[in-house]
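A quick write-up on the structure given underneath.
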Amino acid sequence: MNIKCNLLDLNQKALTDFFKTLGEKPYRVKQIMRWIYKYYEFDFDKMLNLSKKLREQLNDTVCIELPKVVKQSNAFDGVIKWVIDAGKNNFIETVYIPEKDRGTLCISSQVGCSLACTFCYTGMQGFNRNLTTAEIIAQVMIVNLHLNNKNKRISNVVFMGMGEPLLNEQAVYTACDLLLDDLAFGFSRRKVTISTSGVVPALLRMADRTPVSLAISLHTSDDLLRDELVPINQKYPIKELISACRNYLNAGTQERHILFEYVMLDGVNDSVVQAKKLAFLLKGLSVKVNLIPFNSFPETKYKPSEKVTIALFQDILFDNGIRTTIRRTRGGDISGACGQLAGKIIDKTKRIKDIAG
Ligand code: SAH
Ligand code: SF4
């Protein structure tokens, strides 16, 4: 890896500041962003509308670099997974999920995850480090480069790969700036989603920092059970989480909604009583619930709920006026489904004990 500053780490404002330090005019920012994000041109020497002196200065001081793809797997159902080198024998994963009318890219925000949710394969592997902004947006660029030849595209980006985005706030927010910036990726705020297991103080900050959409990984409305499934709940219990959600819904100038994710675990959180409690908890909030069939992985103690159980759970939520969808499991044959992403993580064991303690 190059030790020079990678321009992919900078949002438009930081790029503007950087060009100012070189004594360049603001229009240079537009020029360079067009080279990077429109033409995917990373060689300064080919950016012929920049002066020779500026090209030399850039070559001396900064770089534009994507991490290397080490493997690509194609599932039967069209899902594609990329394994990307994160250095020092660590690897992260990115998954593209094509549908009839859209293509969702599920990106990683950390090498592993320290929060150790008991039903999550990533969480079982431990944590190594946060990804940089460059490594986060590089996932979108790598996939765009691949899809461009195939007439497919990314319509949505979700931070639902490896890691907890709200434990890597600065890099994730800067990546969101670029994802929404018309000079970079130009996604609408509804098409970019941060998914969190509920890091409450960060969630409060996020509400004012970025307008992207929010998904909350709730999984139960019962604190005792959530303490076990999502250990960060021991630090930020459900009441505080819901209060932070209300704050998010009321922040910003545009209308906001929240997606609540609920992984269906057989005999654990899938009963009629749990469904009714969930409906009660979410009553009156502008939310949608997404029921996720549990994706199994080696040595897990959990089993997926029966299809009829999931359907009944959905009916109860419907009856209580809560919009509810059931996620279709995709990419299972290449371990590309939610919670199956493991990459390869050299665990530094900064796990939940350190965070909660
Ligand atoms: N850390 C963030 C985002 C990454 S996890 C979060 O927890 O929200 C993305 C989603 O996958 C979360 O909703 C998570 O609960 C879900 N998930 C994790 N393990 C899973 C599994 N084994 N089966 C199905 N969904 C899982
Ligand atoms: Fe981390 Fe999310 Fe997995 Fe929990 S579900 S361990 S927060 S990646």
### Task
Go over the candidates S286, S296 one by one and state the one that is at pLDDT 95 or above, of a type in the set (S, T, Y) and in the same structural domain as Y236 (by TED's automatic domain parsing).
S286
### Task
Identify the residue in the range 268-325 that is more than 16 Å from ligand 1 (Cβ to nearest atom), open to solvent by less than 50 Å² (accessible area, probe 1.4 Å) and among the β-branched types (V, I, T) and, among all such residues, is farthest from A244 (Cα to Cα).
I316
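Quick grid of which residues meet (1) open to solvent by less than 20 Å² (accessible area, probe 1.4 Å); (2) over 24 Å from L10 (Cα atoms); (3) in contact with a strand residue (DSSP E or B) (Cβ under 9 Å, 6 or more places away or on another chain):
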residue: D182; (1), (2), (3): no, no, no
residue: K191; (1), (2), (3): no, no, yes
residue: A202; (1), (2), (3): yes, no, yes
residue: I216; (1), (2), (3): yes, yes, yes
residue: L224; (1), (2), (3): no, yes, no
### Task
Give me a count of the residues in the range 100-139 that are within 16 Å of ligand 2 (Cβ to nearest atom) and open to solvent by 10 Å² or more (accessible area, probe 1.4 Å).
14
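Based on this model, can you work out whether L147 counts as within 13 Å of ligand 1 (Cβ to nearest atom) and either at pLDDT below 95 or crowded, with 23+ Cβ neighbours inside 10 Å (or both)?
Judged against the criteria, L147 is not a match.
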### Query
In the range 240-265, what residues are open to solvent by less than 10 Å² (accessible area, probe 1.4 Å) and farther than 17 Å from L229 by Cβ?
A244, C245, Y248, I258
#### Entry: Test: N168 is within 29 Å of F294 (Cα to Cα), touching a residue at least 12 places away in the same chain (Cβ under 8 Å) and within 13 Å of ligand 2 (Cβ to nearest atom)
yes
### Residues of the range 22-71 satisfying the condition of being open to solvent by 70 Å² or more (accessible area, probe 1.4 Å), free of Cβ contacts under 8 Å to residues at least 24 places away in the same chain and outside any loop (DSSP other than H, G, I, E, B)
Y27, K38, D45, K46, K52, K53, E56, D60, V70, K71
### Query
Just to be sure, is M141 within 15 Å of ligand 1 (Cβ to nearest atom) and closer than 23 Å to G87 by Cβ?
no
### Task
Say whether the condition of being within 16 Å of ligand 1 (Cβ to nearest atom) and at positive phi is met by at least one residue in the range 94-105.
no
### Task
Filter the range 283-318 for residues that are of a type in the set (K, R) and part of a loop (DSSP other than H, G, I, E, B) and give the result.
K283, K301, K303
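The values are calculated or read from the model by the stated rules, or taken from the named source; none is laboratory data. Please read these numbers as outputs of a predicted model, since none were measured by experiment. Cβ coordinates were reconstructed from backbone atoms using ideal geometry, including for glycine residues, and neighbour counts include every protein chain displayed. Surface accessibility is based on the protein's heavy atoms, side chains included, excluding ligands, DNA and RNA. Shrake-Rupley method; radii C 1.70, N 1.55, O 1.52, S 1.80 Å.
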